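One structure is given below, encoded as structure tokens.
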């Protein structure tokens, strides 16, 4: 099960954080490379030093270890030897320098004394605290916390963390969690003072760290309090993550089944379940009792309300109104009679085993091995299909001993590098097997798989850092990495195209015409309708070698041919172009487009070819959208629906757009179209642009600049070239009001937990850190500005942190 491998890997992170890595990520800057890193605009943590005493030597050891940890957050770690490289302003005359600087681009975010960042935990904690200064609030008084609560009510929940001293492992765990969940919750940090008594801690001197979840998002009225739930375990990454999962779980679950058959998020997270029985005539009051009890025991037990009359197999005496099930798959259900809430609270807490840190570390592997919480759509699909067997006989299972011989002794070997704990790897494995079944009769292609969790040496030598990764090996040829969609269709197309040598050497004009018309390699016409032919003269330095290298880099993505010498020179005369040149054909009846070659490197030529093969009036799909967005042109996007693609109206509109394009009126735009039946996600895009789906066809102009404005062509006007051009001119003159705005934010996975584990150092199982998804900074400021407008100056809270009241003693319920 994918989740089991996820959690076991996290355990390796937490248990072995002090182990050394074999490959250091700590850079040593020269003066030139230091200033170059500043100009890159990235975040960096740099130590400038002269002489090294024992204290500084110990600090440098931890700095080296932290380089690997901070790399996962996009932060580079470096040192500068000031005895060799005198960097102005930072290399002082002190013999032993004790300052470390955190840069974002050329700006200094903060500088630290080496005594402050004394080990790996302190370095990571302080650096993330400085980087996330807009994401986490620091408070010292209850009044400051209450101000944050007022802003958060109705918008977001608040996570309050307490640490005695900044820089401890607990501080690091909180900051790593903030990096992942900072866009979802408002994080608040405190180091004590009057805050602990405000949160109900009777003896603050006994508490080393703590965390509270303030339920503010669902508060309807500003005068209502934010109920809070404390975390009753130490502040570790796993414990905080589990706690947040529990806080997102329903307060009370209702079921029509025997308690032994009920499964909830709590049971998956190895938490006990408390079952309360109800019947139709007391259902409303029983729900109130269950909710009151759930608030008292939130984070400790899951509360389930069982409908007695709807379940035939719940055969319990009428005086039995509750049951309890301890964590574990074989734990029996114990029935009892509940007389009042306090009695049940005492019973549950007495049955809960006190937390023992040493014992827990021994048992956590077993506990977390069964964790299968469905965090995102990919993991859900893997979980749903977990019992379906995979026919692994279709692919070759590679090991360290067989890898080299397999990839060098066969025509074309396609290798899937995966890890079993990664949900995406396991989901893609099914598509990979579908391709293996489809290509079983292709004699010169073999498909193989290599588990990077087991054969770390091979994955390290091949520099595999992202899972899953597919590479195609041809003996004596460059290795190719598949960069397409993670599906069977795209991978199959890539493999079949990559079997053709690149470029195809053509010996005559007839062969060249046949190549451009799609008659040569006609069996691959459905794989790629676009073909590129490079024409080169017989004179030296024509760029032929660069074209050949670029063709090899594009192998599997496009079909490229090569014609040279006198035949190429004759063709150049026919097209009135100078050599070298490339001709682009989009099919047998299409016009051949010449593109001059003024490129000095293969990488530049690859980009030029990728741009040249793009359609001038494309149909946008999920697969090709990134390539067209890379052009950074405003999209003039025509949305079509069922029955409109070939209808007279649709053809007429596209004809009008092509007319403007032929007249050179569209050079500053990218005219394109999207069929909502073939690309269903287009309906979601259109609705997000305009707020609803208008009558189709619909013409929309999407500005991709910082403004992100969306304009909708007036549906009451005819879609003619003249009126479309007039509308575009009004938009340019700021005479049209935008119909919507594209939000300036990144779209990430539904839950980021999978992302920050997608990259790991396979050579260093003794020390690794969690890979966090990159997010734009400044989102918190935007949200706070919106929230601030909703806060009224004279608001006061009438109650503080009280859960809903249970029914009065005289009210009769089954409970």
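The values are calculated or read from the model by the stated rules, or taken from the named source; none is laboratory data. If you're wondering where the values come from, they're calculated on a predicted model, not measured in any experiment. Here the Cβ positions follow ideal geometry from the backbone for every residue, glycine too, while neighbour counts run over all protein chains shown.
Kindly check whether there is at least one residue in segment 599-616 that is in contact with a strand residue (DSSP E or B) (Cβ under 9 Å, 6 or more places away or on another chain) and assigned to a strand (DSSP E or B).
No, every residue in segment 599-616 fails to be in contact with a strand residue (DSSP E or B) (Cβ under 9 Å, 6 or more places away or on another chain) and assigned to a strand (DSSP E or B).
Do we have residue 166 as in contact with a helix residue (DSSP H, G or I) (Cβ under 7 Å, 6 or more places away or on another chain) and over 27 Å from residue 65 (Cα atoms) here?
Answer is no for this residue.
Would you mind telling me which numbered condition in (1) closer than 17 Å to residue 211 by Cβ; (2) surrounded by 19 or more Cβ atoms within 10 Å (Cβ to Cβ) residue 164 fails?
In the conditions (1) closer than 17 Å to residue 211 by Cβ; (2) surrounded by 19 or more Cβ atoms within 10 Å (Cβ to Cβ), residue 164 misses (2) alone.
Conditions (1) under 24 Å from residue 125 (Cβ atoms); (2) in the same structural domain as residue 115 (by TED's automatic domain parsing); (3) modelled with pLDDT of 85 or more, marked per residue:
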site	(1), (2), (3)
30	no, yes, yes
71	yes, yes, yes
79	yes, yes, yes
98	yes, yes, no
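Cβ-Cβ distance below 7 Å, separation of 6 or more or different chains: which pairs start in segment 499-510 with a residue that is part of a loop (DSSP other than H, G, I, E, B) and end on one that is surrounded by fewer than 15 Cβ atoms within 10 Å (Cβ to Cβ)?
499/444
Got a number for residues in segment 27-68 being crowded, with 16+ Cβ neighbours inside 10 Å and more than 20 Å from residue 111 (Cβ to Cβ)?
2
Sort through 229, 242, 253 and tell me the only one that's in contact (Cβ under 8 Å) with a residue 24 or more places away in the chain, in a helix (DSSP H, G or I) and under 14 Å from residue 301 (Cα atoms). Step through it out loud before you land on a result.
Details: 229 fails: in a helix (DSSP H, G or I); 253 fails: in a helix (DSSP H, G or I).
Exactly one of 229, 242, 253 is in contact (Cβ under 8 Å) with a residue 24 or more places away in the chain, in a helix (DSSP H, G or I) and under 14 Å from residue 301 (Cα atoms), namely 242.
Specify which of the listed residues (291, 263) is in contact (Cβ under 8 Å) with a residue 12 or more places away in the chain and either surrounded by fewer than 18 Cβ atoms within 10 Å (Cβ to Cβ) or under 37 Å from the mean Cα position of the chain (by Cα) (or both).
On the way: 263 fails: in contact (Cβ under 8 Å) with a residue 12 or more places away in the chain.
The conditions single out 291.
Please work out if residue 425 is buried (at least 17 other Cβ atoms within 10 Å of the Cβ), outside the structural domain of residue 560 (by TED's automatic domain parsing) and more than 26 Å from residue 72 (Cα to Cα). I'd like the intermediate steps shown before the answer.
Values: buried (at least 17 other Cβ atoms within 10 Å of the Cβ): yes; outside the structural domain of residue 560 (by TED's automatic domain parsing): yes; more than 26 Å from residue 72 (Cα to Cα): no.
The answer is no for residue 425.
State whether the residues of segment 185-193 include one that is surrounded by 18 or more Cβ atoms within 10 Å (Cβ to Cβ), in a helix (DSSP H, G or I) and either within 26 Å of the chain's Cα centre (by Cα) or free of Cβ contacts under 8 Å to residues at least 60 places away in the same chain (or both).
Here is the first cut: in segment 185-193, the residues surrounded by 18 or more Cβ atoms within 10 Å (Cβ to Cβ) are 185-190.
Narrowing the set further to residues that are in a helix (DSSP H, G or I) leaves none.
Taking every residue of segment 185-193 in turn, none turns out to be surrounded by 18 or more Cβ atoms within 10 Å (Cβ to Cβ), in a helix (DSSP H, G or I) and either within 26 Å of the chain's Cα centre (by Cα) or free of Cβ contacts under 8 Å to residues at least 60 places away in the same chain (or both).
Residues that are within 13 Å of residue 491 (Cα to Cα): find the strands (runs of 3 or more DSSP E) completely inside segment 391-478 holding 3 or more of those.
Qualifying strands (runs of 3 or more DSSP E): 412-418, 469-473.
Among what's in segment 705-738 and is closer than 18 Å to residue 689 by Cβ, modelled with pLDDT under 85 and more than 37 Å from the chain's Cα centre (by Cα), pick the residue that is surrounded by the fewest Cβ atoms within 10 Å (Cβ to Cβ).
Checked segment 705-738; the qualifying residue surrounded by the fewest Cβ atoms within 10 Å (Cβ to Cβ) is 715.
Quick test for you: out of 548, 557, 569, 573, pick the one residue that is within 38 Å of the chain's Cα centre (by Cα) and in a helix (DSSP H, G or I). Talk me through it step by step, then tell me what you get.
Values: 557 fails: in a helix (DSSP H, G or I); 569 fails: within 38 Å of the chain's Cα centre (by Cα); 573 fails: within 38 Å of the chain's Cα centre (by Cα).
After ruling out the rest, the residue left standing is 548.
Output the qualifying pairs, or none if there are none: Cβ atoms under 6 angstrom, residues six or more apart or on different chains, first residue in segment 419-443 and more than 25 Å from residue 465 (Cα to Cα), second residue buried (at least 20 other Cβ atoms within 10 Å of the Cβ).
So the pair list comes out as 439/445.
If you scan segment 578-591, which residues turn out to be assigned to a loop (DSSP other than H, G, I, E, B) and either under 38 Å from the mean Cα position of the chain (by Cα) or modelled with pLDDT under 80 (or both)?
Step one: filter segment 578-591 for residues assigned to a loop (DSSP other than H, G, I, E, B), giving 578-580, 586-591.
Scanning segment 578-591 gives 586, 587, 588, 589, 590, 591.
When you scan segment 82-92, do you find a residue that is within 18 Å of residue 129 (Cβ to Cβ), in contact with a helix residue (DSSP H, G or I) (Cβ under 9 Å, 6 or more places away or on another chain) and surrounded by fewer than 19 Cβ atoms within 10 Å (Cβ to Cβ), even just one?
First, pick out the residues of segment 82-92 that are within 18 Å of residue 129 (Cβ to Cβ): none.
Within segment 82-92, none of the residues are within 18 Å of residue 129 (Cβ to Cβ), in contact with a helix residue (DSSP H, G or I) (Cβ under 9 Å, 6 or more places away or on another chain) and surrounded by fewer than 19 Cβ atoms within 10 Å (Cβ to Cβ).
Is it the case, given these coordinates, that residue 213 is assigned by TED's automatic domain parsing to the domain that holds residue 149, buried (at least 16 other Cβ atoms within 10 Å of the Cβ) and within 15 Å of residue 239 (Cβ to Cβ)?
Working: assigned by TED's automatic domain parsing to the domain that holds residue 149: yes; buried (at least 16 other Cβ atoms within 10 Å of the Cβ): yes; within 15 Å of residue 239 (Cβ to Cβ): yes.
In short, yes.
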